[in-house]
Amino acid sequence: MQELLPPSERGFAPLPGDAPVRGLRRTAASEEPPPAATAAAATAAASAIALPPEELARSRTAAWVRRTLSPLGLRFCPYTASAEVSGSGLESFGVRPAPIAYAHSEAGSVASLLVDFWAAACGMAEGGEEGVSSIVLSAPSWDDRWGEWHRTVFPLLEASVLAAGLGRTLGIVCFHPQYETPSDAWLARHRFGHMHSPSKLRRYLREHDAALAARSSESDLRWAGSYQRRSPHALINVLWARQLEAAERRRKSSSLYTRNIRAALEAGRDSLEEERRRERGELTAELAPPRPPSASPPQLEPFPPFPPP
């Protein structure tokens, strides 16, 4: 724990190694540490407490859902009401909001991951749409294996869903900490669960925001598209195919993706990547202090109006 404390921090020291719990103790000091340093030490101490892997993954994933998908954050998904509920906004199509189920897999092999995926997916299918709106399954063992994740895991998931005869029942979406939108050639063969290519995103922008299209480079569009799929851990998002179809009828995809790209670019690449790294625990409080509670959330434009069903 000692190395987690900023070198300049005074007034705190780790408990002895034989203490029954890990933590900090207050030490004598000639002066009180400044409030900012106290807050930094408290945050660092909190992050140093070891959580069970499943609990840590769920906490990080729920924070990411709240920050990027829900109305409390960037609002990338208009049907995610919060970190706990999704499927909202589709009531006119007979869809009722329901809980998000957070699942976890420690599997490091494809075979074991498929076992965990199907255990969660079968539970979802058996419980029906009223029980669960979607599954967010985290697989931290794959966090540094993006190549395998998109070249091996997702094609196998697609094949297994189709082989099980559930292609019209379940849909899956790919997320990963290192997500990079695959090439056009790859997407032509494996579109299942992936972000649109930068070339298609540019067509969307030209349709709805020509000025943004003109000033956005290829790098900007590749990052803004990929960022919408960057999560704290390797994730498999399982959705109801019927609800995906309803969402496609309820929204205009080109308008939604234009809005999301604009939101990401306006928030800024450096700022959002820092948020992502902090969410994964890669930044200490000293290097990247959390935003003060009084800070106003970014002002984003409302979602484009939906066409009538």
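The values are calculated or read from the model by the stated rules, or taken from the named source; none is laboratory data. Note that this is a predicted model, so its numbers are computed, not measured. Please note: Cβ atoms are built from the backbone with ideal geometry, for glycine as well, and neighbour counts cover all protein chains shown. We work out accessible area using only protein heavy atoms, side chains counted, and drop any ligands, DNA or RNA first. Shrake-Rupley method; radii C 1.70, N 1.55, O 1.52, S 1.80 Å.
Quick rundown of the values:
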read-out	value
Arg191 vs. criteria more than 16 Å from Ser231 (Cα to Cα), open to solvent by 20 Å² or more (accessible area, probe 1.4 Å) and part of a helix (DSSP H, G or I)	no
Members of the stretch 54-112 found to be closer than 18 Å to Arg229 by Cβ, in a loop (DSSP other than H, G, I, E, B) and in contact with a strand residue (DSSP E or B) (Cβ under 9 Å, 6 or more places away or on another chain), listed by number	Ser70, Cys77, Tyr79, Ala83
Within the stretch 136-148, tally of residues that are in a helix (DSSP H, G or I) and open to solvent by less than 10 Å² (accessible area, probe 1.4 Å)	1
In the stretch 28-55, residue modelled with the highest pLDDT [restricted to those that are closer than 30 Å to His104 by Cβ and in contact with a helix residue (DSSP H, G or I) (Cβ under 9 Å, 6 or more places away or on another chain)]	Pro53
Residues that are more than 19 Å from Glu91 (Cα to Cα), assigned to a helix (DSSP H, G or I) and open to solvent by less than 10 Å² (accessible area, probe 1.4 Å), drawn from the stretch 198-253	Pro198, Leu201, Leu205, Leu212, Ala213, Leu221, Ala224, Gly225, Ser226, Tyr227
Unique match (being open to solvent by 40 Å² or more (accessible area, probe 1.4 Å) and touching a residue at least 40 places away in the same chain (Cβ under 8 Å)) among Arg168, Arg151	Arg168
Only listed residue being touching a residue at least 24 places away in the same chain (Cβ under 8 Å), open to solvent by 20 Å² or more (accessible area, probe 1.4 Å) and closer than 19 Å to Leu235 by Cβ, chosen from Tyr79, Tyr102	Tyr102
Residue match in the stretch 116-125 (condition: open to solvent by less than 20 Å² (accessible area, probe 1.4 Å) and without any contact (Cβ under 8 Å) to a residue 60 or more places away in the chain)	no
So Ser226, is it closer than 30 Å to Glu54 by Cβ and among the small types (Gly, Ala, Ser)	yes
Matching entry among Arg58, Arg25, Arg67 (being among the basic types (Lys, Arg), at pLDDT 90 or above and out of contact with any Asp or Glu (no Cβ under 7 Å at 6 or more places or on another chain))	Arg58
